[in-house]
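Questions regarding the structure given below will be posed in turn.
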Amino acid sequence: METVVSGIRSTGKLHLGNYYGAIQNFVKMQHEYKCYFFIADLHSLTTHPTPDNLHGNVKQVLVEYLAAGIDPEKATIYIQSDVPEIAELYLYMNMNAYMGELERSTSFKDKVRANPDNVNAGLLTYPVLMAADILIHKATKVPVGKDQEQHLEMARTFGNRFNRLYNNDYFPEPYAFSFGESLVKIPGLDGKGKMGKSEGEANAVYLSDSPEVIRKKVMRAVTDGGPTTENQEKPTEIQNLFDLMKVVSTPDTYTHFDNLYNNVQIRYGDLKKQLAEDMIIATAPIREKINDIAADAPYLRQVARYGAVKARESAAQTIKDVREIIGFRNF
Ligand code: TYM
C-alpha cells in the first residue's frame, strides 16, 4: 500500500484554502492509503510564536483535523515535534542541500520580501525540513495545494541526491497529489491572489467562522462595475468569486450565475449572497463539531499520544536505515 504524508503549519485557524487544497483529500485518502497527517509546529517556529500561541495553534489544527473527519483509527495524526527523528533526518538532508537552490525557492523569496527583518536560517532550510517530513515515512503521495508544488520538487531532489550519494534507491520519489486533474488554488476575497492566513483576516473564510461572519466577509469581497458586453472575459476579482462558487456551490448554481454574467444580467449582490450561503452549508458539519472536540482535552491528549507512538515507529525504522547507509556503525 502506498504511503501518504501531509501536514499543515500551526499558525492559526484553518481556512477554505486549507480545506479544499489539503484536508478534503486527507479525509478521502485515509480509506485507501497508509496515511500520516501531522501538525507542522516546527515549521511554525520561523515566525517566533510565544509558547502560549504555539500551544493554542497546535491544538486548533488538531481539533480542526478531527472535526473535518480525519479518523485517528484510520490515519496516523501526530504533532511534528513529538517525532524527533524528523529533526535528525533534517540535519542529514541539510548536508546535501545547497544555498543556491534554497535561495531560489519562490516561497523563500516571497517571505524575504514580506518580512526582510526576519530572514532566519530556518526559513532558508524550510524545504529541507519539509523533505524530511515526507521522506521519514518514505511517502510517495503528498496531498497539498498548488502553492506547495515547488517544495515537492525540492523534496524529490533531496531524496534522489541522497540515493545517488550513497548509491542506492532507499527513498522513493514523492509527488504532490490531488483527486482532481490539477492541484487546487483557492482564491481569497481581496480580488488578488490565493486565500491565506497572512493575506489579512478579511481575505480568508475560516472553517470556524460563524454564518454572520461569513456573510459579512463575502458581501465585502472586491468586485468591479459589472460586465458591459456579452460573454466578456471575467476580471480576476470576479473570476475568483466564480472559482469559489465552483468548489462550494452546486454545478447548477454555478451555471446559473455564469449565464447571468454572460448575458450582462448579473447582480453581484445576489451572487455574493448565494456564495455566502453555500459556504455556510459547506462548512457547517465541521464548524458544528469544533467546540465539542476542543472541550475534550483527554481525547485530544489521547489522539496526540497514540499518533506520536505510531509515527515514531515508522520514523525510527527510517532513521536506523539512514544511519546505517551514511556509515554510523557500531564498533
Ligand atoms: P500551509 O500550512 O501553508 O498550508 C497547509 C495546506 O493547505 C494548502 N493551502 C491551499 N490550497 C489551496 N488554496 C489555497 N489558497 C491554500 N492555502 C493553503 C497548502 O497547499 C497545504 O497543502 N509547507 C506546508 C506544510 C508542510 C507540509 C510538509 C506539507 C510542512 N511539511 C510535508 C506536506 C508535506 C505549508 O506551509 O502549508
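Give the relative contact order (percent, whole number) for the chain; include only Cα pairs under 8 Å separated by 6+ residues.
Working: 478 pairs, mean separation 75.3, N = 331.
In percent, rounded to a whole number, it is 23.
Still on this structure, please answer the following. Can you pull out the trypsin sites (Lys or Arg not before Pro) in the stretch 239-331 that DSSP calls coil and that have at most 13 other Cβ atoms within 10 Å? Each step should come with its number before you reach the end.
Numbers: sites: LYS246, ARG267, LYS272, LYS273, ARG287, LYS289, ARG301, ARG305, LYS310, ARG312, LYS320, ARG323, ARG329; in loops: ARG267, ARG329.
Here the sparse-neighbourhood loop sites are ARG267, ARG329.
Which of the listed residues, ILE290, GLY269, THR255, is farthest toward the dipole's positive end in the stretch 197-290, when Lys, Arg count +1 and Asp, Glu count -1 at the beta-carbon?
ILE290
Which one of ILE214, THR318, GLY12 has its Cα pushed farthest toward the positive end of the charge dipole of the chain, where Lys and Arg give +1 and Asp and Glu give -1 at the Cβ?
Result: THR318.
So if I place +1 on the C-beta of Lys and Arg and -1 on the C-beta of Asp and Glu, and nothing else carries charge, what would the dipole magnitude of the stretch 197-290 be about its Cα centre? I want it in debye, nearest 20.
In total the dipole reaches around 320 debye.
Also, I was wondering about something else. What residues have an amide H closer than 5 Å to that of VAL184, excluding those fewer than 5 places away on the same chain, when H is modeled at 1.01 Å from N in the peptide plane?
Those qualifying (amide H under 5 Å, at least 5 residues apart or on another chain) are LYS146.
Compute a Gaussian network model of the chain, connecting alpha carbons closer than 10 Å, and tell me which residue from VAL309, VAL58, VAL248 fluctuates the most.
VAL309
In addition: For ARG9, which sequence-distant residues (separation of 5 or more, or a different chain) have an amide H within less than 5 Å of its own amide H, given hydrogens modelled in the peptide plane?
ALA40
Tell me the mean residue ellipticity at 222 nm calculated for the chain from its helices only (DSSP H runs of n ≥ 4, each -39500 (n - 2.57), averaged over every residue, nearest 500). Write out the running numbers ahead of the final one.
Working: 13 runs with 173 residues, N = 331.
My calculation for the chain gives -16500 deg cm²/dmol from helical runs alone.
Which lysines does LYS289 reach when only Cα atoms under 24 Å apart count, and residues fewer than 8 places away in its own chain are ignored?
Answer for LYS289, where 24 Å is the Cα cut-off: LYS13, LYS28, LYS59, LYS74, LYS197, LYS216, LYS217, listed by chain and number.
Rank by packing, highest mean first: peptides 235-241, 72-78, 252-258, with packing defined as the count of other Cβ atoms within 10 Å averaged across residues. Working shown, then result.
Details: 235-241: 17.9, 72-78: 20.6, 252-258: 14.9.
Highest to lowest by the protection proxy: 72-78, 235-241, 252-258.
Report the charge-dipole magnitude of the stretch 1-85 in Debye, nearest 20, computed about the Cα centre from +1 at each Lys and Arg Cβ and -1 at each Asp and Glu Cβ. Before the final figure, lay out each step's value.
Working: 6 positive and 9 negative charges, 46 e Å.
I would put it at about 220 debye.
Can you list residues whose amide H is under 5 Å from ALA221's amide H, if they're 5+ apart or on another chain and H is modeled 1.01 Å from N?
Long-range HN contacts for ALA221: none found.
Let me ask something else. As an exercise, use a Förster radius of 22 Å and the Cβ-Cβ distance of VAL112 and THR236 to find the FRET efficiency, rounded to the nearest 0.05.
0.30
Still on this structure, I have one more. Comparing ASN96, ASN57, ASN168, which has the greatest mean-square fluctuation in the GNM of the chain with Cα pairs linked when under 10 Å apart?
ASN168
Same structure, new question: Let's see if you can work this out: charge +1 on each Lys and Arg Cβ, -1 on each Asp and Glu Cβ, no other charges. What is the dipole magnitude of the chain about its Cα centre, in debye to the nearest 20? Don't jump to the answer; show the numbers that get you there.
Values: 38 positive and 42 negative charges, 94 e Å.
My answer is approximately 460 debye.
Let me ask you something else. Provide the convex hull volume over Cα atoms per residue for the chain, in Å³.
Working: hull volume 51.2 nm³, N = 331.
Cα convex hull per residue, to the nearest whole number: 155 Å³.
Explain nothing, just the number: relative contact order of the stretch 197-290, from Cα pairs under 8 Å at least 6 residues apart, as a whole percent. Working shown, then result.
Details: 71 pairs, mean separation 38.6, N = 94.
About 41 percent, as a whole number.
Ranked highest first by average number of other Cβ atoms within 10 Å, how do 202-213, 16-27 line up?
On the way: 202-213: 18.7, 16-27: 23.0.
So the order, starting with the most tightly packed, is 16-27, 202-213.
Give me the aspartates and glutamates in straight-line cross-link reach of LYS34: C-alpha distance below 18 Å, same-chain residues under 8 apart excluded.
GLU2, ASP71, GLU73, ASP133, GLU173, GLU313
Need one number: convex hull volume per residue for the stretch 14-127, Cα atoms only, in Å³.
Working: hull volume 15.4 nm³, N = 114.
It is 135 Å³ per residue.
Another one. How large is ³J(HN,Hα) for each residue in the stretch 33-41, as worked out from phi by the Karplus curve 6.51 cos²θ - 1.76 cosθ + 1.60 (θ = phi - 60°), to whole Hz, x for Gly and Pro?
Rounded to whole hertz, the list is 10, 7, 10, 10, 10, 10, 10, 7, 6.
Read the figures in this text as sums done on the coordinates, not as results from a lab. Fair warning: this is a prediction, and the values are worked out from it, not measured in the lab. Please note: Cβ atoms are built from the backbone with ideal geometry, for glycine as well, and neighbour counts cover all protein chains shown.
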